[in-house]
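The values are calculated or read from the model by the stated rules, or taken from the named source; none is laboratory data. Quick caveat, the model's predicted, so the values are computed rather than measured. Cβ atoms come from the backbone with ideal geometry, glycine included; neighbour counts cover every protein chain shown. Remember, those area values only see protein heavy atoms, side chains included, never the ligands or the DNA or RNA. Shrake-Rupley method; radii C 1.70, N 1.55, O 1.52, S 1.80 Å.
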Amino acid sequence: MTDDVAIIGIGLHAFGRTPGVSGREQGAVAVRAALKDAGLRWDDVGIAYGGSQDAGNADALCNDLGLTGAPFVNVANGCATGGSALASVVAAVRSGVAEIGVAVGFDKHPRGAFNPRPRDWGLEDWYGHTGLMLTTQFFALKIRRYMHEHGISEDALVRVAQRAYANGALNPEAWRRSGMSYEEIANSAPLNPPLRQFMFCSPAEGGAALVLCRASVARRYQARPILVRAAVVRTRHHGSFEVFSPSLAALSAPSPTVTASRAAFEAAGVGPGDIDVLQLQDTDSGSEIIHMAENGFCEHGEQEHLLRQGDTLIGGRLPVNTDGGCIANGEPVGASGLRQVVEVCVQLRGQAGARQVPGQPRLGYTHVYGAPGVSGVTILEAP
């Protein structure tokens, strides 16, 4: 194993709703679980990065875990917060700032849709008055246009959600643990057409944490360390159409997902065909469909065929969101990206139980996407 960076501890607090437990407390549960997994204590940690959108400053976790003086940096990159925290820890450990690092995210969102203010995102009030500040509306507009351009029907949207709930039913840490039939999803209330009630994730609660170290010493702490082959974050270019874009540019540009994915594959020295299990941002069914192509796993327009063939099922050629993704788990913004990484680590360790991908997967992939156009991609390898 080269002197790179490895994940030696993983921890989760179950996603969903946990009355009486603060988001910060859920983050502390996740960190303690990750440290226990690595056989370490909080005072062994040399640096930490973490984030939370609605549950307070992440560095306040030091009050719960111990006031050791270690640097703790708050991260805020929307739904890409977890991926950004992980990339930061990887860079810190790789550069020698610390031997042991922690990435953590947690949140506890109020019920109902997120309610951001346009001016906080550099937009005028008219953007909110037209309803576009509600991200469900934006994603619906984007997938409707995408479906028109690439010949995709609503059948694909239903199949993404159906698989998400089926996988969530196999995951004891998921919020939604009951499968749903094709008909239940297809006939659910239209919220922002073509997206229906059961095609969306929901704001939620939960915590997720990782412990990392130099790969050359990883086996001191963990029998099955997971090597980080790439951890990349990219922002948007002029001309990419992202959350809170007020208009379409005259000339279009690739999304940050495209540039992050390409950079990650280049850094890892592998391609989409080498990946055995993957997690894609599925804020809604349409987002996952778009991200399948933007991450290079198919051509635009091929998604419906792959879904109908069962290629994205746990036993398929391209297992996607094996833990149920955001649709089944909900999305506590600070924790969501790290949940993805925890799930891929569980799969690469062969510890996923009923949802285990067959054939001893070796390479895993995670992708997060956050407003106003930030994407994070990781590529992980089992030794």
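Summary of computed values
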| item | result |
| --- | --- |
| Residue list for the range 181-204, restricted to those being in contact with a Leu (Cβ under 9 Å, 6 or more places away or on another chain) and either outside any helix (DSSP H, G or I) or without any contact (Cβ under 8 Å) to a residue 12 or more places away in the chain (or both) | N192, P194, L195, R196, Q197, F200 |
| Count of residues meeting criterion [open to solvent by 10 Å² or more (accessible area, probe 1.4 Å), at pLDDT 95 or above and over 30 Å from F114 (Cα atoms)] in the range 238-274 | 11 |
| Every residue from the range 47-67 that is open to solvent by 30 Å² or more (accessible area, probe 1.4 Å) and closer than 16 Å to V97 by Cα | Y49 |
| Some residue of the range 37-53 being of a type in the set (S, T, N, Q), farther than 21 Å from D4 by Cβ and not in a helix (DSSP H, G or I) | yes |
| R163, sole failed condition from (1) farther than 28 Å from T18 by Cα; (2) open to solvent by less than 50 Å² (accessible area, probe 1.4 Å); (3) of a type in the set (K, R) | (1) |
| Test for N115: is it under 30 Å from L210 (Cα atoms) and either among the aromatic types (F, W, Y) or free of Cβ contacts under 8 Å to residues at least 60 places away in the same chain (or both) | yes |
| Selection status of S216, open to solvent by 60 Å² or more (accessible area, probe 1.4 Å), more than 29 Å from G373 (Cα to Cα) and touching a Ser or Thr at 6+ places or on another chain (Cβ under 8 Å) | yes |
| Given (1) open to solvent by less than 10 Å² (accessible area, probe 1.4 Å); (2) more than 21 Å from A87 (Cα to Cα); (3) part of a loop (DSSP other than H, G, I, E, B), index of the condition E288 fails | (3) |
| Count of the range 292-345 residues which are in a helix (DSSP H, G or I) and either among the aromatic types (F, W, Y) or touching a Gly at 6+ places or on another chain (Cβ under 9 Å) (or both) | 21 |
| Long-range neighbours under 6 Å by Cβ, at least six apart or interchain, first residue under 25 Å from M180 (Cα atoms) within the range 327-347, second of a type in the set (F, W, Y) and assigned to a helix (DSSP H, G or I) | A328/Y165 |
| Residue in the range 228-235 that is among the hydrophobic types (A, V, I, L, M, F, W, C), out of contact with any Ser or Thr (no Cβ under 6 Å at 6 or more places or on another chain) and at pLDDT below 95 present | no |
| All positions within the range 206-222 that are in contact with a Gly (Cβ under 6 Å, 6 or more places away or on another chain) and not β-branched (V, I, T) | G207, A208, A209, L212, Y221 |
| Checking A328 against (1) more than 18 Å from G11 (Cβ to Cβ); (2) open to solvent by 10 Å² or more (accessible area, probe 1.4 Å), the condition it does not meet | (2) |
| Test: N74 is at pLDDT below 95 and open to solvent by 40 Å² or more (accessible area, probe 1.4 Å) | no |
| Filter result (farther than 30 Å from T135 by Cα and either in contact with a helix residue (DSSP H, G or I) (Cβ under 6 Å, 6 or more places away or on another chain) or not in a loop (DSSP other than H, G, I, E, B) (or both)) within the range 223-243 | R224, P225, I226, L227, V228, R229 |
| Answer residue from the range 103-160, given it is basic (K, R) and more than 21 Å from S285 (Cβ to Cβ) and is surrounded by the most Cβ atoms within 10 Å (Cβ to Cβ) among those | K108 |
| Some residue of the range 292-306 being in contact (Cβ under 8 Å) with a residue 60 or more places away in the chain, touching a Lys or Arg at 6+ places or on another chain (Cβ under 9 Å) and either open to solvent by 40 Å² or more (accessible area, probe 1.4 Å) or not charged (D, E, K, R) (or both) | no |
| Exclusive hit being open to solvent by 10 Å² or more (accessible area, probe 1.4 Å) and either under 11 Å from the mean Cα position of the chain (by Cα) or of a type in the set (A, V, I, L, M) (or both), set L313, L348, L338 | L313 |
| Close pairs from the range 24-52: first within 14 Å of G82 (Cβ to Cβ) and in contact (Cβ under 8 Å) with a residue 24 or more places away in the chain, partner open to solvent by 40 Å² or more (accessible area, probe 1.4 Å) and among the hydrophobic types (A, V, I, L, M, F, W, C), Cβ under 9 Å, at least 6 apart | A30/L12; A34/L12; A48/V73; Y49/V73; G50/V73; G51/A76; S52/A76 |
